[in-house]
Amino acid sequence: MSITVIAYHLEKRLDLSTIRGLFPKLSIQKREHTFILYEKENNVFIYIKDYGSIVFFNCNELYIIRVIHKILDNEINIKKLPYECFNLSISQTNNVDFGTIEVQQINSDVAHIICLNLAQSVALMNYVNKASDLHEKTLVYSKQLEDKGNFNLSRKKMRKFIGKTMNLKNNIAEDLFVFEAPEVAWNDKNLSLLNYKLRDELDVVKRHNGVVNSLNVIKENLDLFRDILNHQYSSMLEWIIIILILLEVIKMFF
């Protein structure tokens, strides 16, 4: 038996209380303030994270499209969303390798571990894309600074860049607790091992550190741009003051 587990990131935060109202007939297996794990039927799960990830465990494509459209209240092309897909099968041992997951059994705890890791991975994919976009935009001004000794960036636009960078860093810090094992794996050796193998295969910690480092570099560049702009602004004010003083001196003699 082969099962498809696919995670999407909807590129927006989700209000779980509103989502609960959208699917009143689905059975809630687990729920906290940051996630809901539904069971549609036997071995069919839907996992929704408040930071925008949704994972479909053994769901058909038409149902996936319907659920996403219902949550977003918009008929989008789901193929344009960040996604992560694995094939799952039953085996004598838990193992994860090259897009495949092998588990000894399927239950809500196993589904929870798998879905949580895929939700984190696809969220990281979304954050990496946003960080790359910010980095490319700041590179334009770095290149201008290298070629011309100056750059065409207003103080307002620079502040917006800083705001986007800080918001992205804050979202990552708030949403992704990648250094902690989920509570469900604390007291179960098999679940703990499955969680470890998923994190290792998905490179969650390394990717998390990578995007945080990228944002730190972007922030350093923006801080440098801000210092240059502030210096230019201070110099302009100094010249204005000097000119005003000269005008007053001239008035005294004429």
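The values are calculated or read from the model by the stated rules, or taken from the named source; none is laboratory data. These numbers were taken from a predicted model, which means no experiment stands behind them. Because the Cβ atoms are built from the backbone with ideal geometry, glycine has one as well, and the counts that use them run over all protein chains shown.
Filter segment 11-47 down to residues that are among the small types (Gly, Ala, Ser) and within 28 Å of Leu168 (Cα to Cα), then give me how many there are.
The first filter runs over segment 11-47 and keeps only residues among the small types (Gly, Ala, Ser), leaving 17, 21, 27.
This time we only want the ones that are within 28 Å of Leu168 (Cα to Cα), so: 17.
Total satisfying the criteria: 1.
If Val205 meets every condition in (1) aliphatic (A, V, I, L, M); (2) over 15 Å from Leu118 (Cα atoms); (3) at pLDDT below 85 apart from one, which number is that one?
It is condition (2) that Val205 fails.
When you scan segment 21-29, do you find a residue that is touching a residue at least 12 places away in the same chain (Cβ under 8 Å) and of a type in the set (Val, Ile, Thr), even just one?
Here is the first cut: in segment 21-29, the residues touching a residue at least 12 places away in the same chain (Cβ under 8 Å) are 22-23, 26-27, 29.
Of the ones still in play, those that are also of a type in the set (Val, Ile, Thr) are none.
Scanning segment 21-29 turns up no residue that is touching a residue at least 12 places away in the same chain (Cβ under 8 Å) and of a type in the set (Val, Ile, Thr).
For every residue, the table says whether it meets (1) at pLDDT 80 or above; (2) surrounded by 13 or more Cβ atoms within 10 Å (Cβ to Cβ); (3) not acidic (Asp, Glu).
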{"position": "Ser142", "(1), (2), (3)": "yes, yes, yes"}
{"position": "Leu145", "(1), (2), (3)": "no, yes, yes"}
{"position": "Lys148", "(1), (2), (3)": "no, no, yes"}
{"position": "Lys160", "(1), (2), (3)": "yes, no, yes"}
{"position": "Lys164", "(1), (2), (3)": "yes, yes, yes"}
{"position": "Leu168", "(1), (2), (3)": "yes, yes, yes"}
{"position": "Ala173", "(1), (2), (3)": "no, no, yes"}
{"position": "Val178", "(1), (2), (3)": "no, yes, yes"}
{"position": "Ala181", "(1), (2), (3)": "no, yes, yes"}
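Answer yes or no as to whether Glu75 is of a type in the set (Asp, Glu), surrounded by 15 or more Cβ atoms within 10 Å (Cβ to Cβ) and on the phi < 0 side of the Ramachandran plot. Give the derivation first.
Values: of a type in the set (Asp, Glu): yes; surrounded by 15 or more Cβ atoms within 10 Å (Cβ to Cβ): no; on the phi < 0 side of the Ramachandran plot: yes.
So Glu75 fails the test.
Can you tell which of Lys156, Lys197 is among the basic types (Lys, Arg), assigned to a helix (DSSP H, G or I) and surrounded by fewer than 13 Cβ atoms within 10 Å (Cβ to Cβ)?
Details: Lys197 fails: surrounded by fewer than 13 Cβ atoms within 10 Å (Cβ to Cβ).
Answer to the selection: Lys156.
Quick one: is Ile90 of a type in the set (A, V, I, L, M) and either at pLDDT 90 or above or under 21 Å from Glu201 (Cβ atoms) (or both)? Walk me through it before giving the result.
On the way: of a type in the set (A, V, I, L, M): yes; either at pLDDT 90 or above or under 21 Å from Glu201 (Cβ atoms) (or both): yes.
Yes, satisfied.
I want to confirm something. Restricting to segment 1-25 and keeping residues that are in a loop (DSSP other than H, G, I, E, B) and surrounded by 17 or more Cβ atoms within 10 Å (Cβ to Cβ), which single residue is farthest from the chain's Cα centre (by Cα)?
Here is the first cut: in segment 1-25, the ones in a loop (DSSP other than H, G, I, E, B) are 1, 10-15, 23-25.
Filter once more, so that each one left must be surrounded by 17 or more Cβ atoms within 10 Å (Cβ to Cβ): 10, 14, 23.
Numbers: Leu10: 10, Leu14: 13, Phe23: 25 Å.
Ranking the qualifying residues of segment 1-25, first place goes to Phe23.
Among the strands (runs of 3 or more DSSP E) contained in segment 41-107, which hold 3 or more residues that are touching a residue at least 24 places away in the same chain (Cβ under 8 Å) and assigned by TED's automatic domain parsing to the domain that holds Ser17?
Qualifying strands (runs of 3 or more DSSP E): 44-49, 53-57, 83-90, 95-97.
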